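Undergrad: Pasting in a structure now, in structure tokens, and then I'll have a few things to ask.
Derivation of every value follows stated rules applied to the coordinates shown; laboratory data play no part. Because the structure is predicted, anything quoted here is derived from the model rather than measured. Please note: Cβ atoms are built from the backbone with ideal geometry, for glycine as well, and neighbour counts cover all protein chains shown.
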Amino acid sequence: MLIALLPGDGIGPEVITQARRVLDALHIDGLVFEEALVGGAAYKATGHPLPAEALALAKRADAILFGAVGDPDCDALERHLRPEQAILGLRKELSLFANLRPATLFPELADASALRPEVASQIDMVIVRELNGDVYFGEKGMRMTANGKREGYDIMSYDEDEVRRIARVGFETAMARGKKLCSVDKANVLETSQLWRDVVIETHADYPEVTLMHMYVDNCAMQLVRNPGQFDVIVTGNLFGDILSDQASMCVGSIGMLPSASLDSDQKGLYEPIHGSAPDIAGQGKANPLATILSAAMMLRYSLNLPEYADRIEAAVAKALAAGARSPDLGGTCTTAEMGDAVLAAL
Ligand code: NAD
């Protein structure tokens with residue numbers, strides 16, 4: 001089993017180093033790693049943020065563990081040469097259409113949530129966001145109106161196959177958890193959402209054990225803060241998912257805690273923390289590596305079919321937190337390496 005390690009920029013290499021230490025400590029038979037440059041680091045070395053070599057490695061690998069990309073030195077580059085194009089290019093080239101973001105509150109971190117501890121402690125959900133379609137990928141542009149005003153436009157669209165495949169991921173995810181799926185749309189005003197809702201209802205016929213509900217996105221944003229404990233799995237489109245998953249992340253505390261998976265239709269996946277390259281703290285040993293370590297656990301569970309090892313990592317993270325390991329974002333003083341040490345000690 002080949003793992004492509006793509007550390008990227010800023011704190012990316014720092015957090016990937018700790019995830020690699022944890023994976024090495026598990027001594028999993030047949031697991032091998034190959035590393036390649038992506039993002040600003042790749043641009044500086046090769047002139048492109050996603051060099052052919054890195055893309056080829058990602059395609060060859062069984063799974064990809066990604067750090068983060070983004071480098072202020074590259075801010076003035078043309079858009080197609082910016083570091084962020086590495087992650088967008090990988091999602092597109094590998095057809096990674098399903099983004100899974102679990103949001104679970106570790107009880108020890110109840111005080112780090114933006115919500116009251118008794119509300120936050122109920123959070124245990126997965127948001128399934130469609131990644132390859134919607135308003136981000138529709139026709140877009142700038143034009144002049146008949147009366148001479150500038151007008152920007154971005155067309156929102158989904159075809160039924162795109163909705164069906166992400167709905168299936170939502171139902172499958174719910175089947176593996178609490179068997180409750182909430183589909184989020186804006187069907188009261190958008191035709192795209194009406195089709196979304198119709199196809200989700202049709203797909204439900206294949207998953208009779210799952211309880212399906214529908215919610216308008218504005219209500220969902222409110223419910224995530226009011227009563228997040230009601231959600232098991234949420235499935236939604238690219239735009240709504242982008243916003244709701246960031247909202248959910250702050251409900252469970254630090255951005256340094258949240259892992260994610262982006263999967264294709266064969267469960268091949270790219271695993272990454274939801275945070276970026278954090279240039280403000282890069283190189284200072286202040287980054288929390290737990291989101292990346294938990295992303296490695298998701299990789300073992302979803303792409304490598306090794307759930308027992310994933311369980312061990314997740315239990316070790318909980319134990320490390322219970323033992324008091326806290327990086328600065330969690331209100332403590334542990335360095336990135338000390339957070340890794342704490343997880344290794346708890347494995
Ligand atoms: P960011 O997530 O990098 O940082 C936001 C804030 O959270 C910063 O204060 C940072 O110090 C803190 N933070 C982030 N991760 C942390 C961690 N593991 N431990 C402790 N604190 C952490 O977001 P940003 O500042 O908006 O973006 C910085 C760069 O990252 C930009 O170039 C952006 O485009 C890029 N970015 C990349 C990805 C990705 O690679 N998938 C995602 C988001 C942003």
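Undergrad: Quick one: GLU202, GLU118, fewest Cβ neighbours within 10 Å first, how do they rank? Show your work: numbers first, answer last.
TA: Details: GLU202 13, GLU118 9.
Sorted ascending by nearby Cβ count, the order is GLU118, GLU202.
Undergrad: Could I ask something else about it? Quick one: net charge of LEU2's neighbours, Cβ under 13 Å, K/R +1, D/E -1? If you can, show how the numbers build up before the last one.
TA: Working: positive: LYS59, ARG60, LYS268; negative: GLU34, GLU35, ASP62.
Overall, the nearby charge balance is 0.
Undergrad: Among rounded, prolate and oblate, which fits the stretch 222-321 when a ≥ b ≥ c are the square roots of the eigenvalues of its C-alpha gyration tensor, a/c under 1.5 means rounded, and a/b larger than b/c means prolate?
TA: Values: a/c = 1.39, a/b = 1.07, b/c = 1.30.
The shape class here is rounded.
Undergrad: Rank by packing, highest mean first: peptides 72-85, 300-313, with packing defined as the count of other Cβ atoms within 10 Å averaged across residues. The partial results should precede the final answer.
TA: Details: 72-85: 14.9, 300-313: 18.4.
Averaged packing, sorted descending, gives the order 300-313, 72-85.
Undergrad: Same structure, new question: When only C-alpha pairs under 8 Å and at least 6 residues apart count, what is the relative contact order of the chain, in percent? Don't skip to the answer; put the middle values down first.
TA: Numbers: 744 pairs, mean separation 75.5, N = 347.
Relative CO of the chain lands at 22 percent.
Undergrad: Expected output is a single nm value to one decimal: the length gained when fully extending between GLU35 and GLN267, i.e. 0.36 nm times separation in residues minus the C-alpha distance. What is it?
TA: The GLU35-GLN267 span can extend by a further 81.4 nm.
Undergrad: Which lysines does LYS286 reach when only Cα atoms under 28 Å apart count, and residues fewer than 8 places away in its own chain are ignored?
TA: Reachable lysines: LYS44, LYS319.
Undergrad: Right, something else. Give me the log10 of I(q) over I(0) for the chain at q = 0.06, 0.07, 0.10, 0.11 Å⁻¹, as the Debye formula computes it from C-alpha points; what are the numbers?
TA: For the chain, the Cα-only Debye profile gives -0.21, -0.29, -0.61, -0.74.
Undergrad: Modelled label-to-label distance, ASP311 and TYR216, 7 Å Cα→beta-carbon offset: nm?
TA: It is 4.3 nm.
Undergrad: Roughly how far apart, in whole Å, are the Cα centres of the stretch 196-242 and the stretch 247-321?
TA: A separation of 23 Å, based on Cα centres.
Undergrad: Also: Please give the length that would be gained between GLN223 and ALA322 if that part of the chain were fully extended, namely 0.36 nm times their separation in residues minus their C-alpha to C-alpha distance (nm, one decimal).
TA: Details: separation 99, 0.36 × 99 = 35.64 nm, distance 2.91 nm.
Going from the current span to full extension adds 32.7 nm.
Undergrad: Compute the length gained on full extension between LYS149 and GLU191: take 0.36 nm times their separation in residues and subtract their Cα-Cα distance, giving the result in nm to one decimal.
TA: On the way: separation 42, 0.36 × 42 = 15.12 nm, distance 2.67 nm.
Full extension of this stretch gives 12.5 nm more.
Undergrad: Say the dipole of the stretch 29-100 comes from +1 at the beta carbon of Lys and Arg and -1 at that of Asp and Glu; which of THR46, ILE64, LEU96 then lies farthest toward its positive end?
TA: My answer, from the dipole projection, is LEU96.
Undergrad: A further question on this structure: Share of Cα-Cα pairs in the stretch 8-103 beyond 20 Å, in percent? Working shown, then result.
TA: On the way: 1891 of 4560 pairs.
Result: 41 percent of Cα pairs exceed 20 Å.
Undergrad: Right, here's the next one. In whole angstrom, how long is each semi-axis of the equivalent ellipsoid of the stretch 24-161, when you take the square root of 5 times every eigenvalue of its Cα gyration tensor and sort them from largest down?
TA: On the way: eigenvalues 204, 152, 61 Å².
Output for the stretch 24-161: semi-axes of 32, 28, 17 Å.
Undergrad: Return MET299, MET1 ranked ascending by Cβ neighbour count within 10 Å, so the fewest neighbours appear first.
TA: On the way: MET299 27, MET1 16.
Lowest to highest Cβ neighbour count: MET1, MET299.
Undergrad: Can I ask one more? Over the stretch 114-239, what number does the Rg to Rh ratio reach, with both radii from the alpha-carbon atoms and Rh per Kirkwood? The partial results should precede the final answer.
TA: Details: Rg = 16.9 Å, Rh = 15.8 Å.
We get a ratio of 1.07 for the stretch 114-239.
Undergrad: Pull up the cross-link candidates among the lysines for LYS140, meaning alpha carbon to alpha carbon under 25 Å and not fewer than 8 places away within one chain.
TA: LYS92, LYS149, LYS186
Undergrad: I need the phi-derived Karplus couplings for the stretch 13-26: 6.51 cos²θ - 1.76 cosθ + 1.60, θ = phi - 60°, integer Hz, Gly and Pro marked x.
TA: So the J values, rounded to whole Hz, are x, 5, 7, 5, 4, 6, 5, 5, 4, 5, 4, 4, 5, 7.
Undergrad: Looking only at the chain, where both bridge partners belong to it, what percent of the DSSP beta bridges are antiparallel (to the nearest 5)? Before the final figure, lay out the partial values.
TA: Details: 20 of 46 bridges.
Expressed as a percentage, antiparallel bridges in the chain total about 45.
Undergrad: Would the stretch 241-287 count as rounded, prolate or oblate if I go by the C-alpha gyration tensor, calling it rounded below 1.5 in a/c and otherwise prolate when a/b exceeds b/c, oblate otherwise?
TA: Numbers: a/c = 2.75, a/b = 1.45, b/c = 1.90.
Here the stretch 241-287 falls in the oblate category.
Undergrad: Where does each of GLU130, GLU108, GLU191, GLU139 land when they are ranked from fewest to most other beta-carbon atoms within 10 angstrom?
TA: Fewest to most other Cβ atoms nearby, the residues stand as GLU139, GLU191, GLU108, GLU130.
Undergrad: What is the spin-label model distance, in nm, from ALA25 to LYS179 if the labels are put 7 Å beyond Cα along the C-beta direction?
TA: 3.7
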